[in-house]
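The structure appears below as structure tokens.
The values are calculated or read from the model by the stated rules, or taken from the named source; none is laboratory data. No experiment lies behind these values; they were computed from the predicted model shown. Every residue, glycine as well, gets a Cβ built from its backbone with ideal geometry; the counts of neighbours run over all protein chains shown.
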Amino acid sequence: MKALLIYPSFPDTFWSFRHSLKFIRKKSAFPPLGLLTVGSMLPTEWSKRVIDLNVEKLSDEDLAWADYAFISAMVVQRKSARQTIARCKEAGLKVVAGGPLFTSEYERFDEVDHFVLNEAELTLPAFLADYTHGNLQRLYTTPEYADIQQTPIPMWELINLKRYASMSIQFSRGCPFNCDFCNVTALFGHRPRIKTAAQIIAELDSLYNHGWRGQAFFVDDNFIGNKKYLMKELLPALIDWQKDKKGFLFNTEASINLADNEDLMHTMVEAGFDTVFIGIETPDEESLAECNKKQNKNRNLIESVKSIQRTGLQVQGGFIVGFDSDGPSIFQKQIDFIQNSGIVTAMVGLLQAPPGTKLYERLKKEGRLSGLLSGDNVDGTTNIIPKMDMRQLLKGYENILNNIYRPRPYYKRIKTFLREYKAPKISIKLDLQRFLAFFRTSIRIGIFGKERIQYWNLVVWTLYRCPKLLPLAITLAIHGYHFRKVCKL
């Protein structure tokens with residue numbers, strides 16, 4: 001059997017970092033972790049080839065070589081997934097599809113021959129057993145959750161690591177919280193399931209032995225879902241692993257209650273973490289109550305963010321407008337919060353209702369659903385009918401983006417962040433690649449960019465105030481260039 005594992009392309013989105021990647025000569029931000037893991041689950045005697053459409057083209061030779069095409073995608077990759085499926089079918093290939101897109105929308109893909117949905121650790125073995133016996137079904141699904149301590153190490157050898165800006169690794173699945181708009185618990189449950197520390201070290205060793213040096217993203221939806229195991233097992237193991245390694249930094253996603261545990265924050269930094277994405281959503285208490293964001297309520301959110309920053313963790317934030325409780329003042333509240341908090345990477349989107357969420361079910365009963373999710377967090381679309389007038393909502397949303405990503409407020413926010421941020425001991429040193437990135441940035445942004453005055457002001461300010469953080473300041477400047485392109489400012 002020759003299995004062609006295909007990852008559809010992403011559009012130009014907030015998290016694609018497409019315009020940033022040009023400065024460091026990379027093709028994609030992250031590898032197709034799911035497909036690489038599926039590759040390890042397929043029979044060892046099968047021939048396997050991964051085609052990531054974000055870094056390379058799918059050739060006629062690839063299609064002619066394969067017996068089956070395995071496609072995995074997220075909702076935001078819907079358009080590319082459809083195009084890829086059509087091309088595979090034209091080539092006479094059987095198509096097997098899985099991943100979040102197909103798990104939520106498989107009824108919309110008539111051309112797919114077989115769906116292996118939910119968690120592949122449970123549904124792929126059933127597919128493979130039926131394949132062996134020659135009686136394949138069209139749909140493989142399960143309401144159960146997998147034991148990820150049985151999940152194999154991804155097949156990193158199937159891709160060229162040099163094409164990516166960061167690698168990905170998964171420690172846990174599931175989240176203990178139950179936010180109304182989030183489909184994480186619908187897909188993976190409330191109880192965080194974890195891999196052992198030995199598993200994670202083995203995966204890191206595999207990455208290291210394949211030559212990777214750089215950032216590694218723990219893709220967990222809430223990395224701190226099991227704090228006890230983190231403190232007793234995983235983080236000490238990561239600290240020990242880092243002792244004879246160079247050039248590794250970690251980032252992840254967590255909830256705001258991370259700020260309540262100083263020991264956990266300091267231990268994460270000691271283990272090599274330097275960035276954490278947190279769902280802030282809104283500074284409005286009534287809207288937090290509406291969406292059941294209990295962990296964010298009754299706290300000084302700005303002070304929580306700054307306490308995390310002071311520990312040595314950059315906070316990236318997710319924000320939402322369009323809650324039923326939101327009034328006209330919410331737009332300026334969001335702008336003020338983002339500017340004062342120093343959250344440089346602030347993803348602001350309109351409220352959306354993914355299938356399987358409490359929000360989706362409530363709005364369905366109210367007759368307030370409209371179309372499909374785009375999967376793009378900042379494209380200004382939504383699949384709900386908001387209580388606020390849509391024109392007012394869109395105008396206010398556009399005003400937020402204009403106010404937080406224009407050069408002047410954006411560069412001011414970088415300085416606000418750097419004043420609070422404590423540089424971690426573990427860092428990636430300035431090598432030739434990063435020096436060349438600085439050179440390219442200084443030309444494209446510092447000479448030809450509209451923000452050149454703000455750029456050079458930041459460089460001089462950083463050299464004077466915190467010279468060790470210059471690489472980070474340049475990185476954030478590059479990210480701002482990307483965000484303005486995506487937001488079309």
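Among the residues of the stretch 365-406, which ones are without any contact (Cβ under 8 Å) to a residue 12 or more places away in the chain and under 21 Å from ASP336 (Cβ atoms)?
LYS395
When HIS190 is evaluated against the numbered criteria (1) modelled with pLDDT under 95; (2) assigned to a strand (DSSP E or B), which criterion, by number, is the only one it fails?
Failed condition: (2).
Out of VAL305, VAL219, VAL276, I need the residue that is more than 24 Å from LYS415 (Cα to Cα), β-branched (Val, Ile, Thr) and out of contact with any His (no Cβ under 6 Å at 6 or more places or on another chain). Which one?
Working: VAL305 fails: more than 24 Å from LYS415 (Cα to Cα); VAL276 fails: more than 24 Å from LYS415 (Cα to Cα).
Just one listed residue meets the conditions, VAL219.
Kindly establish whether ALA186 is farther than 30 Å from ILE239 by Cα and surrounded by 20 or more Cβ atoms within 10 Å (Cβ to Cβ).
no
Can you find a residue that is in the same structural domain as LYS358 (by TED's automatic domain parsing) and closer than 19 Å to GLN170 by Cβ anywhere in the stretch 278-293?
Yes.
Can you find even one residue in the stretch 75-92 that is over 19 Å from the mean Cα position of the chain (by Cα), assigned by TED's automatic domain parsing to the domain that holds PHE14, crowded, with 21+ Cβ neighbours inside 10 Å and more than 30 Å from LYS162 (Cβ to Cβ)?
No, the stretch 75-92 has no match at all.
Can you name the residue in the stretch 104-128 that is hydroxyl-bearing (Ser, Thr, Tyr) and at pLDDT 95 or above and, of all such residues, is farthest from GLN170 (Cα to Cα)?
That would be TYR106.
Of all residues in the stretch 204-216, which are of a type outside the set (A, V, I, L, M), surrounded by 19 or more Cβ atoms within 10 Å (Cβ to Cβ) and either touching a Lys or Arg at 6+ places or on another chain (Cβ under 8 Å) or assigned to a strand (DSSP E or B) (or both)?
Scanning the stretch 204-216 gives a single hit, GLN215.
Considering only residues of the stretch 173-186 that are assigned to a helix (DSSP H, G or I) and out of contact with any Ser or Thr (no Cβ under 7 Å at 6 or more places or on another chain), which is nearest to THR252 (Cα to Cα)?
Top of the filtered list is VAL184.
Output yes when any residue across the stretch 320-332 is assigned by TED's automatic domain parsing to the domain that holds GLU290, within 19 Å of the chain's Cα centre (by Cα), buried (at least 21 other Cβ atoms within 10 Å of the Cβ) and under 20 Å from SER287 (Cα atoms), and no when none is.
yes
For the stretch 93-126: of the residues being more than 25 Å from PRO355 (Cα to Cα) and not small (Gly, Ala, Ser), which is surrounded by the fewest Cβ atoms within 10 Å (Cβ to Cβ)? I'd like the intermediate steps shown before the answer.
Going through the stretch 93-126, the residues more than 25 Å from PRO355 (Cα to Cα) turn out to be 93-94, 125-126.
Among the residues that remain, those that are also not small (Gly, Ala, Ser) are: 93-94, 125.
Working: LEU93: 19, LYS94: 15, PRO125: 13.
Once the filter is applied, the top-ranked residue is PRO125.
For the stretch 45-62: of the residues being assigned to a loop (DSSP other than H, G, I, E, B) and over 29 Å from the mean Cα position of the chain (by Cα), which is nearest to GLY34 (Cα to Cα)?
Step one: list which residues in the stretch 45-62 are assigned to a loop (DSSP other than H, G, I, E, B), which gives 45-46, 53-59.
Imposing the further condition that a residue be over 29 Å from the mean Cα position of the chain (by Cα) reduces the set to 45-46.
Values: GLU45: 20, TRP46: 18 Å.
Looking at residues that are assigned to a loop (DSSP other than H, G, I, E, B) and over 29 Å from the mean Cα position of the chain (by Cα), I get TRP46.
For (1) out of contact with any helix residue (DSSP H, G or I) (no Cβ under 8 Å at 6 or more places or on another chain); (2) aromatic (Phe, Trp, Tyr); (3) in the same structural domain as THR382 (by TED's automatic domain parsing), each residue gets a yes or a no:
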{"residue": "LYS57", "(1), (2), (3)": "yes, no, no"}
{"residue": "PHE70", "(1), (2), (3)": "no, yes, no"}
{"residue": "PRO100", "(1), (2), (3)": "no, no, no"}
{"residue": "TYR106", "(1), (2), (3)": "yes, yes, no"}
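Kindly list the number of the only condition in (1) of a type outside the set (Val, Ile, Thr); (2) touching a Lys or Arg at 6+ places or on another chain (Cβ under 8 Å); (3) in a loop (DSSP other than H, G, I, E, B) that fails for ASN222.
Evaluating ASN222 over (1) of a type outside the set (Val, Ile, Thr); (2) touching a Lys or Arg at 6+ places or on another chain (Cβ under 8 Å); (3) in a loop (DSSP other than H, G, I, E, B) leaves (2) as the failure.
Looking at THR382, THR416, which is the one that is at pLDDT 95 or above, under 17 Å from GLN334 (Cα atoms) and either β-branched (Val, Ile, Thr) or not assigned by TED's automatic domain parsing to the domain that holds LYS364 (or both)?
Only one candidate passes the filter, namely THR416.
Right, LYS228: of a type outside the set (S, T, N, Q) and either surrounded by fewer than 17 Cβ atoms within 10 Å (Cβ to Cβ) or under 16 Å from PHE273 (Cβ atoms) (or both) or not?
Yes; evaluated as a whole, the condition is true for this residue.
TYR455 - would you say it is closer than 30 Å to GLY247 by Cα and either not in a loop (DSSP other than H, G, I, E, B) or not assigned by TED's automatic domain parsing to the domain that holds VAL321 (or both)?
Yes: the conditions hold for TYR455.
Return the residue satisfying two criteria in turn: it lies in the stretch 95-139 and is part of a helix (DSSP H, G or I) and among the acidic types (Asp, Glu), and of such residues it is farthest from THR151 (Cα to Cα).
The qualifying residue farthest from THR151 (Cα to Cα) is GLU107.
Which of (1) closer than 22 Å to MET268 by Cβ; (2) of a type outside the set (Lys, Arg); (3) without any contact (Cβ under 8 Å) to a residue 24 or more places away in the chain does HIS190 not meet, given it meets every other one?
If we test HIS190 against (1) closer than 22 Å to MET268 by Cβ; (2) of a type outside the set (Lys, Arg); (3) without any contact (Cβ under 8 Å) to a residue 24 or more places away in the chain, just (1) comes out false.
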